[in-house]
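The values are calculated or read from the model by the stated rules, or taken from the named source; none is laboratory data. Predicted, not measured: the structure shown is a model, and the values here were computed from it. Here the Cβ positions follow ideal geometry from the backbone for every residue, glycine too, while neighbour counts run over all protein chains shown. For the accessible areas, the whole protein counts, side chains as well, though only heavy atoms, and no ligand, DNA or RNA atoms are used. Shrake-Rupley method; radii C 1.70, N 1.55, O 1.52, S 1.80 Å.
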Amino acid sequence: MSTVNPAMGTLEIAPALARADLLAPPVAAALAALDAALPADAVGVAEIDPELADTTAFCERYGVSPAVSANCVVITGRREGQARYAACVVLATTRADVNGVARRELDVRKASFAPVDEAVAATGMEYGGITPIGLPGGWPVLVDALAAAVPQVVVGSGVRRSKLALPGPLLGRLPGARVIEGLGRPAG
């Protein structure tokens with residue numbers, strides 16, 4: 001696995017575990033647990049202006065292409081009276097096919113974006129910073145094949161004041177991850 005490119009746009013990237021202050025607690029704990037399985041410098045973190053955490057503003061300000069910026073959204077559905085959750089990771093150039101591909105993967109009749117308060121409470125992360133690293137155990141992490149194919153990708157860090165940078169293929173190696181063709185549909 002390659003190391004993080006320290007010059008992605010104008011981001012100043014440092015090894016994530018060396019800057020745990022820029023990570024949500026569940027993200028820092030998950031990265032520490034994965035440390036033995038990953039090269040120490042495979043995941044980086046960059047501090048950003050929290051007001052610019054939303055994808056479009058972030059990409060414009062920091063010179064990061066939407067083609068290497070991933071969004072992580074939490075979806076939910078019910079099956080036999082039980083709520084089911086999953087995270088969907090897609091590139092910013094696409095949008096998650098929530099009621100097609102994602103719904104089938106979650107095995108529910110209808111899927112939707114989880115309400116903000118539910119997503120924040122369940123993940124221990126900030127809205128606008130939710131990431132596939134450090135999610136509750138048992139949650140599927142549905143990764144669009146396009147995101148997993150990007151050599152370096154930027155995604156949330158669990159807080160709005162920073163972003164993670166990591167090799168795209170690493171997304172498919174996270175606990176509970178499944179790389180899925182067609183999860184991301186062209187945006188627009």
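Looking across the stretch 56-70, the residues that are open to solvent by less than 50 Å² (accessible area, probe 1.4 Å), in contact with a Ser or Thr (Cβ under 6 Å, 6 or more places away or on another chain) and not small (Gly, Ala, Ser) come down to CYS59, TYR62.
Please enumerate the residues belonging to the stretch 38-55 that are in contact (Cβ under 8 Å) with a residue 40 or more places away in the chain, part of a loop (DSSP other than H, G, I, E, B) and either touching a helix residue (DSSP H, G or I) at 6+ places or on another chain (Cβ under 8 Å) or open to solvent by 10 Å² or more (accessible area, probe 1.4 Å) (or both). Matches in the stretch 38-55: LEU38, ALA42, VAL43, ILE48, ASP49, ASP54. Scanning the stretch 147-188 for residues that are in a loop (DSSP other than H, G, I, E, B), of a type outside the set (Gly, Ala, Ser) and open to solvent by 50 Å² or more (accessible area, probe 1.4 Å) turns up PRO151, ARG160, ARG161, ARG173, PRO175, GLU181.
The criterion of being free of Cβ contacts under 8 Å to residues at least 24 places away in the same chain, more than 21 Å from VAL159 (Cβ to Cβ) and of a type in the set (D, E, K, R) does not hold for GLU105.
For the stretch 72-99, give me each residue that is more than 24 Å from ALA46 (Cα to Cα), in contact (Cβ under 8 Å) with a residue 40 or more places away in the chain and more than 14 Å from the chain's Cα centre (by Cα). Matches in the stretch 72-99: THR76, TYR85, ASP97. VAL27 meets the conditions (1) of a type outside the set (S, T, N, Q); (2) over 27 Å from LEU183 (Cα atoms); (3) crowded, with 16+ Cβ neighbours inside 10 Å in every case but one. The failed one is (2). Name the single residue that is nearest to ALA46 (Cα to Cα) among those in the stretch 133-146 being open to solvent by 10 Å² or more (accessible area, probe 1.4 Å) and within 11 Å of the chain's Cα centre (by Cα). Per the stated criteria, the residue is GLY134. Could we say that THR76 is modelled with pLDDT of 95 or more and hydroxyl-bearing (Ser, Thr, Tyr) here? Criteria met by THR76.
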